[in-house]
1. If B:Asp63 passes every condition in (1) away from chain A (no Cβ under 14 Å); (2) within 30 Å of A:Asp98 (Cβ to Cβ); (3) of a type outside the set (A, V, I, L, M); (4) buried (at least 19 other Cβ atoms within 10 Å of the Cβ) but one, which one does it miss?
2. Only one of these is within 15 Å of ligand 2 (Cβ to nearest atom) and either more than 14 Å from chain A (Cβ to nearest Cβ) or at pLDDT 95 or above (or both): B:Asp174, B:Asp137. Name it.
3. Being in contact (Cβ under 8 Å) with a residue 12 or more places away in the chain, of a type outside the set (Ser, Thr, Tyr) and at the interface with another protein chain (Cβ under 9 Å from one of its Cβ atoms) is true for just one of B:Leu25, B:Leu49. Which residue is that?
4. Give the number of residues within segment A:47-70 that are touching a residue at least 40 places away in the same chain (Cβ under 8 Å) and surrounded by 16 or more Cβ atoms within 10 Å (Cβ to Cβ).
5. Of all residues being small (Gly, Ala, Ser) and within 17 Å of B:Phe118 (Cα to Cα) in segment B:77-105, which is most open to solvent (accessible area, probe 1.4 Å)? Just the residue, please.
6. Determine which single condition B:Val31 fails, assuming it passes every other condition in (1) part of a loop (DSSP other than H, G, I, E, B); (2) within 18 Å of A:Glu48 (Cα to Cα); (3) more than 14 Å from chain A (Cβ to nearest Cβ).
7. Among the residues in segment A:62-70, are any closer than 22 Å to B:Gln125 by Cα and not in a strand (DSSP E or B)?
Amino acid sequence: MSIPEQIKFKPKITVFHCFNAFSDPSLVSNGNFEVKSVKMACSSLTREVFLLRAFESGADAVVVLVCPVGQCDYLQGNIRAARRVARMKKLVDEIGIDGKRLNIYNVTRGDKSAVAEIIQKTVSDLAVLGPNPAA
Amino acid sequence: MIVGEQKPLAEIKNIVAPYSKILILGCGTCVKTCFAGGEDEVATLASALRLSMKKDGREIKIDELTVERQCEDEFLRQAASNISGSEAVLSLACGAGVQMVADRFKKTPALPGVNTTFIGILEKQGLFTEKCLGCGDCVLDRFAGICPVTCCSKKLLNGPCGGSQNGKCEVNSDIECAWQNIIDRYKALGQMDRLTAYYPARDWRNSSAGGLRKLVREDHVI
Ligand code: SF4
Ligand code: SF4
């Protein structure tokens, strides 16, 4: 997928990921957007304040990558992460910067093409959403 | 524990609107346990407020601190310099904590960030239920350890009423009938004879109906 023409800024995406789900999302960066990766020992370490602080640090979108349901090494980390992200999406809406900027995805371990697709989808979404208005 | 819930962000924004430098003061006991006002909630709210204000083109300076218990001088004292350095304190404690801040720091506005909801228990992870209204004259011994004052929607001491159906309360079918639970527990304890006992009307002056309450422990007053 190519970068939509209408993008007038270089989107910054912060990716929180369980290092079991994916080793390094910055591998799929293509120069038109910036991917910052935050590795976690388990997706259960997805803390609400870290997601918001990523936006405070200038992220236009925040992506959380976790293992598929049933495949968390620590049993429920991915389920807990999904609950917290759902709650934070609402708060990001209340903040007024659009909850669509925050998303969580289940990724099969090591599936680089799935991660590349997620990043491209995020870049496309940001073409509509525009830059983070609170950055 | 005291159970509370953080106010919606829009309401908190209105409450802090007149100030540009505030302290968000958490409480590390009851409200921390119910995810309304511990360290994590202080940090998340501070971040959310900063983002929201920035989006509106406003700057706000937010100091963050959580003390063990806002309702005790011993702990609240630790916040003194943070409080004096702020235009206002947004307290994430229960209403008692907020009022303690207001009383001890008379020159600084104390603002509530939490709706204090009830005295209750952690039923299971993520679920808190109300158990006590603090009536000042506990009768749990007579009702098999289940409080009719709190758990019966009609506060009946001589229940059940005629409206209970399938173990649910007629006021709201999501609520268990307290009297069904009392009877089940009487049975389990072999105390069914208690059901025929008559309990006269209570003296509610020990509850909040008698005005502001105070407890003095002479042995601790110096
Ligand atoms: S201030 Fe309120 S929430 Fe904090 S410990 Fe005291 S009673 Fe509990
Ligand atoms: S009888 Fe009164 S003190 Fe005892 S649990 Fe019920 S409300 Fe609380």
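1. It is condition (4) that B:Asp63 fails.
2. It is B:Asp137.
3. B:Leu49
4. 15
5. B:Ala96
6. All conditions pass for B:Val31, except number (1).
7. yes
This table checks each residue for (1) more than 13 Å from chain B (Cβ to nearest Cβ); (2) in contact with a strand residue (DSSP E or B) (Cβ under 6 Å, 6 or more places away or on another chain).
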residue: A:Leu51; (1), (2): no, yes
residue: A:Asn78; (1), (2): yes, yes
residue: A:Ala81; (1), (2): yes, yes
residue: A:Lys90; (1), (2): no, no
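The values are calculated or read from the model by the stated rules, or taken from the named source; none is laboratory data. Computed from a predicted structure; not experimentally measured. Glycine also receives a Cβ, built like all others from the backbone with ideal geometry; neighbour counts cover every protein chain displayed. Note: accessible area is taken over every heavy atom of the protein model, side chains too, but ligands, DNA and RNA are not part of it. Shrake-Rupley method; radii C 1.70, N 1.55, O 1.52, S 1.80 Å.
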